[in-house]
Amino acid sequence: MDKNVLKENLQSSIAYVSFIKTDGTLREMKCTLIPSYLPEPKQIDENVRHVPRKESDDSLAVWDIEKSAWRSFRLDSINNINYIGVENAASA
């Protein structure tokens with residue numbers, strides 16, 4: 001699974017992603033990275049030291065449309081991806 005291709009596809013579409021969670025259960029999620037769906041970035045308090053998280057090469061954070069929250073999944077746990085309204089999404 002190519003993370004960059006998946007990320008690029010999700011920045012312009014919504015997808016149903018089926019994957020195995022770390023506890024072994026199957027999870028299906030309707031998610032996206034389309035900017036208009038994402039929440040406004042939080043204001044950072046300049047008086048508090050902010051250390052950004054390092055992005056993992058093995059997982060991808062996405063916006064779960066149905067739960068209105070950030071969620072992530074491991075790329076090697078993906079069973080299936082169905083893009084909504086996209087005929088020729090690049091193969092991830």
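What follows is calculated from the coordinates using simple rules that are stated; it is not laboratory data. All values reported here derive from a predicted model rather than from experimental measurement. Here the Cβ positions follow ideal geometry from the backbone for every residue, glycine too, while neighbour counts run over all protein chains shown.
Results, tabulated for the structure shown:
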quantity: Calculated FRET value between residue 1 and residue 42, using beta carbons and R₀ = 35 Å, to 0.05; calculated: 0.75
quantity: Full-extension gain in nm, residue 13 to residue 78, via 0.36 nm per residue minus C-alpha separation; calculated: 21.7 nm
quantity: Within straight-line cross-link reach of residue 67, lysines at Cα separation under 18 Å, skipping those fewer than 8 residues along the same chain; calculated: 21, 30
